[in-house]
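Input: a single structure, listed below in structure tokens.
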Amino acid sequence: MDQYLVSVIVGTLVGFVARILLLRTDFRQYPTYPTGRIINLSFGFIAAFIGSVAVPAVIESDWTAVTFLGLAATQFREVRKMERDTLEKVDQKELVKRGESFIEGMAQAFEGRNYMVMFTGLITTLISLYNIWLAIIIGIVGALIIRTKIKGKLLNDIADITEGTIRFEGPNLYVNDIHIKNVGLDSSKKVIMERAAGVIVIPKNQNSILTLSNLGQRQAILHHISNVLGSYLDSGEPDLVPLSKRDMDDGRLALFFLPKEKEFSQIREVLKHVPVLDSAIRLPRESDKGKG
Amino acid sequence: MEQPTKIIAIISTKQETIKAGGAPVFITENRESLQKVSTTLEKTLDASAHEVDPNTMIIVAH
């Protein structure tokens with residue numbers, strides 16, 4: 001078994017490095033604390049190890065060991081569940097919620113990354129049986145490629161973002177021509193006129209109209225923008241809660257929110273980078289509707 | 001959206017436009033006190049105030 005030891009160690013380490021490369025802490029602020037990172041890194045380590053051990057197991061025709069890989073897959077579904085549970089709990093105390101769809105997307109990403117790590121470990125170990133240095137290089141390069149390819153679409157790809165003006169017609173609040181809600185209190189109206197910003201998101205095609213109509217996607221947009229640009233809001237202030245409404249005729253989406261930074265160029269820049277949720281993507285154009 | 005929307009209070013300057021049912025009704029003298037009472041209720045109930053017509057406001061729990 002000694003001949004495999006070095007290969008397995010190399011595979012595990014490269015896989016682990018891949019997990020470190022894939023672990024991103026950005027403005028979404030998750031995971032930030034060392035404890036949160038340790039959980040993910042240890043899972044990554046185990047994944048890399050399992051991937052690496054699979055190679056000698058196959059070569060030695062130890063089929064029992066290979067079936068354990070199946071067990072490992074079950075284990076990583078747990079990762080998804082763990083992330084989902086944590087995020088859902090945390091989300092309850094968020095002023096502007098992430099929403100379930102966003103959380104599901106994040107949990108999915110965590111699970112997917114673990115499989116990527118497992119795969120990297122497997123490939124690296126396999127190659128390192130022939131040449132260790134080649135294996136390390138290919139492993140790291142592979143991880144870097146995955147890192148850039150694994151990113152999903154951004155809002156910028158599916159929609160145009162334009163400025164909307166906030167106005168009142170009596171008690172009714174509008175962003176351009178889209179009705180948002182009814183505000184009764186004069187004091188709230190004053191605050192809204194002073195601080196609110198309006199945005200109209202125009203979908204680029206039929207597919208994006210449906211994607212943008214998804215409530216989870218809309219909540220994700222609002223969460224994203226409140227997270228980055230701040231939000232003039234507290235609990236028990238339903239008048240100031242950010243809202244999104246859609247024009248049912250053409251699918252345009254009106255956003256209403258109270259950011260700390262009201263400059264539109266900043267708002268647009270932030271909105272461009274909102275991730276398009278996996279669960280919101282619809283492709284009706286791919287289907288046959290009997291049109292020529 | 002998770003919980004049903006419900007009117008939890010009604011504030012009006014015109015008593016005759018409202019029939020009692022379910023929610024407490026607050027009668028006020030003029031538009032100024034209408035706003036004042038609505039603001040107080042809105043803040044204490046953590047709900048939002050909506051204008052039905054210039055003389056009537058409803059406090060709604062969303």
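The values are calculated or read from the model by the stated rules, or taken from the named source; none is laboratory data. Worth saying up front: this structure is predicted, and the values here are computed from it rather than measured. In this analysis, Cβ positions are derived from the backbone assuming ideal geometry, glycine residues included, and neighbour counts consider all displayed protein chains. Ligands, DNA and RNA are stripped out before the accessible areas are found, and what is left, the full protein with its side chains, is counted by its heavy atoms. Shrake-Rupley method; radii C 1.70, N 1.55, O 1.52, S 1.80 Å.
Residue A:260: which lysines have alpha carbons under 22 Å from its alpha carbon, excluding same-chain residues fewer than 8 sequence positions away?
A:93, A:97, A:181, A:189, A:190, A:245, A:272
If I ignore ligands, DNA and RNA and count only protein heavy atoms, how much of residue B:46 is accessible to a 1.4 Å probe, in Å² to the nearest 10?
We get 90 Å² for residue B:46.
With a 1.4 Å probe and all protein chains kept in place, how do A:84, A:252, A:195 rank by accessible area, largest first?
A:195, A:84, A:252
Just to check I understand the Karplus step: with θ = phi - 60° and J = 6.51 cos²θ - 1.76 cosθ + 1.60, what whole-Hz values come out for segment A:198-207, glycine and proline as x?
x, 9, 10, 9, 9, x, 7, 8, 4, 4
Taking Cα atoms, how many degrees apart are the long axis of helix A:215-229 and the longest axis of chain A, rounded to 10 and kept between 0 and 90?
90
Please list, by residue number, every one of the GluC sites (Glu not before Pro) in segment A:158-199 that is coil in DSSP and has at most 11 other beta-carbon atoms within 10 Å.
Answer by residue number: there is no such site.
Need one value for B:40-47: mean number of C-beta atoms belonging to other chains within 10 Å of its residues' C-beta atoms.
Per residue, the number of nearby Cβ atoms from other chains is 3 on average.
Compute the helix-to-body angle for B:31-45: its Cα long axis versus the longest principal axis of chain B, expressed 0 to 90° and rounded to tens.
20
What total accessible surface area, summed over both chains, is buried at the interface between chains A and B, computed with a 1.4 Å probe and given in Å² to the nearest 100?
Summed over both sides, the interface buries about 1000 Å².
What are the radius of gyration and Dmax of segment B:6-61, computed over its Cα atoms and given in Å?
Cα-based Rg and Dmax for segment B:6-61 come out at 9.9, 28 Å.
What per residue convex hull volume, in Å³, comes out for segment A:182-283 when only alpha-carbon positions are used?
105
List the longest stretch of chain A that has no exposed loop site; here a site is one of the chymotrypsin sites (Phe, Trp or Tyr not before Pro) assigned by DSSP to anything other than H, G, I, E or B, with at most 16 other Cβ within 10 Å.
Longest gap between qualifying sites, sites excluded: A:131-292.
Could you tell me the calculated FRET efficiency between residue A:260 and residue A:20, based on Cβ-Cβ distance and R0 = 45 angstrom, to the nearest 0.05?
After rounding to 0.05, the efficiency reads 0.85.
Rounded to the nearest percent, how much of the accessible area of the protein assembly as shown (1.4 Å probe, protein heavy atoms only) is carbon and sulfur?
Heavy-atom surface of the protein assembly as shown belonging to carbon and sulfur, 1.4 Å probe: 58 percent.
Pop out the Kirkwood hydrodynamic radius of segment A:175-220 from its pairwise C-alpha distances, inverse of mean 1/r, in Å to one decimal.
For segment A:175-220, the Kirkwood estimate is 12.9 Å.
In whole Å, what are the Cα extents of segment A:117-180 along the three principal axes, biggest one first?
76, 18, 13
Please sort by residue number the GluC sites (Glu not before Pro) in segment A:35-109 whose DSSP state is loop and whose Cβ has at most 13 other Cβ atoms within 10 Å.
Sites meeting the loop and neighbour criteria: A:60, A:94.
Per DSSP H run of n ≥ 4, the term is -39500 (n - 2.57); total these for chain A, divide by its residue number, and report the mean residue ellipticity at 222 nm rounded to 500 deg cm²/dmol.
-19500 deg cm²/dmol
Can you give the accessible area per residue of segment B:6-61, in Å², using a 1.4 Å probe?
58
Over the protein assembly as shown, what portion of Cα pair distances is larger than 31 Å, expressed as a whole percent?
Summing the P(r) of the protein assembly as shown above 31 Å gives 51 percent of all pairs.
What are the GluC sites (Glu not before Pro) within segment A:257-292 that DSSP puts in a loop, where the Cβ has at most 15 other Cβ atoms within 10 Å?
A:261, A:263
Going 7 Å from the Cα of residue A:58 toward and past its Cβ, which residues in segment A:114-134 have a backbone nitrogen under 15 Å from where you end up?
Backbone N within reach: A:118-130.
Tell me the angle of helix A:63-91 to the major Cα principal axis of chain A, expressed in degrees between 0 and 90 and rounded to the nearest ten.
Helix A:63-91 sits roughly 20 degrees off the main axis of chain A.
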